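**Q** The structure that follows is given in the form of structure tokens.
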Amino acid sequence: MSLLDSIKSPKDIQSLEESDLPVLASEIREKIINTTSKNGGHVGPNLGVVELTIALHKTFSSPKDSFIFDVSHQGYVHKILTGRNDERFEKIRGTGGLSGFLNRGESEHDAFGAGHAGTALSAALGMAKARDLNEGDEHIIAICGDASFTCGVTLEALNNVSNSTKKLIVILNDNKWSIAKNVGAMAKYFNELITNPIYNRLNDNLENILSQIPGGKKIIKWGAKWKRETKNLLISSSIFEKFGLRYIGPIDGHDFKQLNHYLEFAKNATQPVILHVLTTKGKGYNVAIENPERFHGASPFNTETGKSLASKKPPIPKYQDVMGQTVSKLAKKDSKIIGITAAMPSGTGLNILEQALPDQFIDVGIAEEHAAVFAAGMATKGYHPVCAIYSTFLQRAYDPIIHDIAIQNLPVLFCMDRSGLSPNDGATHHGLFDISYLRPIPNCLIMAPSDEDELADMIQTGLDYQGPAFVRYPRGEGMGVTVKETPESLAIGVSKRIKEGLEIDIWAIGTMLDIGNKLAAKLSEHNIHAGVVNPRFVKPLDSTAIAASAKTVKLIVSIEDNVIKGGFGSAISEFLQEENILCPIESIGWPDKFIDHASSVNDLRENEGLDLESILSRVLTAFQQADTESSKVEINQ
């Protein structure tokens, strides 16, 4: 039996000898590489924290002591060590498997759930304050990536540490990467700390130094404050000490002796401590080290070569690539077009613009709120920013969208990748709310393309629109249509009829148009003549076409890849009610619940009754009822 197989809970780690730990680390790395090669997943982030996570469980006692992992995409090692090294881990991020992130409902060892960056320090500080109020003695440990310190929420938490608690442990896991290479002043500052080993030697040996200079013994006698002030005369203190945390580092994050020593020190410290731990993203797997961005979140791959196991058929362009290519093409003709991303150049497709026109590309780091207000500032000076941000992450910029962009009616275009499902990632990453959270905002243009060519047209439309514009589109491959050379601006708020209908009209927004067409074909087998409309615009609605549709057919069916509450179907219902137009509507979309992860979009649709056969059944029932009501009206008349 392997050493890893003998680990059933964190208590088993505490009984290991230090010489056993490298063996355990090696076995865990092999487990992660083999599992992610089949399922895909976060390879590099997890390989980088193997020793750190083992050392944390060696020093502290979970679940009494709480580990809060920022983002928590580096939590696979933690899961393996806390009783989840079973068939659920073999299916991680898939149907019936573990979540790829920490999840409080999954294990008592997951102290705080996460999926977005920057939350760990605030959560840990809240937990530490609660512990203090309860007069508890448990340890609270926040494990934060260096990129998380570019998040406003992390800096807000840092500002509150000294006022909130006297005992908190923060691990700064510094690997120089988020998804992409870290940018900005904090990344440069961390590098300065790493390259200045004098700092900690001076910190550790200050009392010895002071004792050898005239008057030094009196300074020692006066206490810690004077020692700190004296040290600052010799070398400036770290920014963290100005916030009230004792800074210790840099520490080799792959050296068990160092990790165990400094974690034990932090455990016994009487003030908040931050340990600056240096790790290598992808440690132990050269392919992941050489390709850190691709192996941040990888699709299934060959373990020997690292090459993707994707189909050999000619690839269909992804929506993100069409977006990047279109923006680059238009930016070459207009120097006022500026692409902005929040640490996701390749994930959004803006890396294409970065390579073609680096002066028209800006990565602000993990700072979506800043990205939106920054874009607003540029727009006031005659520029037309294009913010490429995943739908789920744009939620973090909701106030700037309203307060800084929409109220001032500034021309900022938001390209919202991952609208709809991100199946392997689950609830924290599904983009199922954007129609609902954007629709109430005045001045906004909201579009959803049915294919990649229409996406290009909508980017052109959004750039021509003199106000805030949003284009929502799904993750992954497009529909396989040819994108024309020159995108065309669409008539604002005008839908496109695909098929005439006599009894039912199907309004299927975005890429749900494909399901709408298939549904119409299924209905024809039941001798029901159904029309199909590509709405194109969520806001403004094509009210003329909707009114005409409602007066022609017996039932309107809306289909959307968004929650039903406040979604596209709700917009149609509201319009019909406002205009006193009586026409039944069957709104099909995601229910009022958080959707879990699964192996595929199809699995999730089947789970929630949104597969084609389930939709057909619902529509047939709704049509039968509408037909009956219509007959009653005709008889009464």
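**Q** First check a/c for the chain, with a ≥ b ≥ c the square roots of the eigenvalues of its C-alpha gyration tensor; if it is under 1.5, answer rounded, and if not, answer prolate when a/b is larger than b/c or oblate otherwise.
**A** Values: a/c = 2.26, a/b = 1.84, b/c = 1.23.
It comes out prolate by the Cα gyration axes.
**Q** Something else now. Counting DSSP beta bridges in the chain, what percent are antiparallel, to the nearest 5?
**A** 15
**Q** Which length gain, in nm to one decimal place, applies between F265 and E574 when the Cα-Cα distance is subtracted from 0.36 nm times their residue separation? Mind dumping the intermediate values first?
**A** Working: separation 309, 0.36 × 309 = 111.24 nm, distance 6.14 nm.
So the extension gain works out to 105.1 nm.
**Q** At 222 nm, what helix-only mean residue ellipticity would the chain give, in deg cm²/dmol to the nearest 500, using -39500 (n - 2.57) for each DSSP H run of four or more? It would help to have the intermediate numbers written out before the result.
**A** On the way: 27 runs with 263 residues, N = 637.
Helix-only estimate at 222 nm: -12000 deg cm²/dmol.
**Q** Spelling out what I want: for every residue of the stretch 317-325, take phi, set θ = phi - 60°, compute 6.51 cos²θ - 1.76 cosθ + 1.60 (Karplus), and round to whole Hz; glycine and proline get x.
**A** x, 7, 4, 4, 6, 4, 4, x, 5
**Q** Quick check for the stretch 1-74: number of Lys pairs with alpha-carbon distance under 19 Å, counting only pairs 8 or more apart or on different chains?
**A** Numbers: K8/K31; K8/K58; K8/K64; K11/K58; K11/K64.
Pairs that pass both the separation and distance tests number 5.
**Q** Projecting each Cα onto the charge dipole of the stretch 453-494 (Lys/Arg +1, Asp/Glu -1 at the beta carbon, about the Cα centre), which of G476, L490, L455 comes out farthest on the positive side?
**A** G476
**Q** Right, another one. With a ≥ b ≥ c the root eigenvalues of the C-alpha gyration tensor of the stretch 428-475, is it rounded (a/c under 1.5), prolate (a/b larger than b/c) or oblate? It would help to have the intermediate numbers written out before the result.
**A** On the way: a/c = 2.68, a/b = 1.10, b/c = 2.45.
Since a/c reaches 1.5 but b/c is at least a/b, the shape of the stretch 428-475 is classed as oblate.
**Q** Can you give me the C-alpha center-to-center distance between the stretch 1-44 and the stretch 407-470, rounded to a whole angstrom?
**A** Distance between centres, Cα-based: 42 Å.
**Q** A further question follows. Too long at a 18 Å Cα-Cα cut-off: which of K318/K565; K318/K484; K79/K129?
**A** On the way: K318/K565 29 Å; K318/K484 15 Å; K79/K129 26 Å.
Distance filter (> 18 Å) returns K318/K565; K79/K129.
**Q** Hey, which aspartates and glutamates would be in cross-link range of K496, C-alpha to C-alpha under 19 Å, not counting anything within fewer than 8 residues on its own chain?
**A** Once the sequence-local aspartates and glutamates are set aside, what remains near K496 is D451, E452, D453, E454, D457, E488, D505, D514, D542, E560, D561.
**Q** Hey, another quick one. Which of the aspartates and glutamates could a cross-linker span from K381 if the Cα-Cα distance has to be under 20 Å and same-chain partners fewer than 8 positions apart are dropped?
**A** Partners found: D334, D359, D363, E369, D404, D464.
**Q** How far, in degrees from 0 to 90, does helix 185-194 lean away from the longest principal axis of the Cα atoms of the chain, to the nearest 10?
**A** Taking the Cα atoms of the chain, the angle to 185-194 is about 30 degrees.
**Q** Sticking with this structure for a sec: Straight-line reach from K267: which aspartates and glutamates fall under 12 Å, measuring Cα to Cα and dropping same-chain residues less than 8 apart?
**A** D65, D137, E138
**Q** Still on this structure, I have one more. Compute the Cα gyration tensor for the stretch 319-472, then decide on rounded, prolate or oblate, letting a ≥ b ≥ c be the square roots of its eigenvalues: rounded whenever a/c is under 1.5, prolate when a/b is larger than b/c in the other cases, and oblate in all that remain. All intermediate terms of the calculation are to be shown ahead of the outcome.
**A** On the way: a/c = 1.32, a/b = 1.09, b/c = 1.21.
Note, shape of the stretch 319-472 comes out rounded.
**Q** Write down Rg/Rh for the stretch 473-524, rounded to two decimals, with Rg from the C-alpha atoms and Rh from the Kirkwood relation over Cα pairs.
**A** Numbers: Rg = 13.5 Å, Rh = 13.4 Å.
Answer for the stretch 473-524: 1.00.
**Q** Quick one: order D20, D334, D404, D561 by neighbouring beta-carbon count within 10 Å, fewest to most.
**A** On the way: D20 15, D334 12, D404 22, D561 29.
Sorted ascending by nearby Cβ count, the order is D334, D20, D404, D561.
**Q** Give the distance, in whole Å, between the Cα centre of the stretch 576-625 and the Cα centre of the stretch 508-533.
**A** 13
Throughout, read-outs are computed from the coordinates displayed, never taken from laboratory work. Keep in mind that this is a model prediction, so the values were computed, not measured. In this analysis, Cβ positions are derived from the backbone assuming ideal geometry, glycine residues included, and neighbour counts consider all displayed protein chains.
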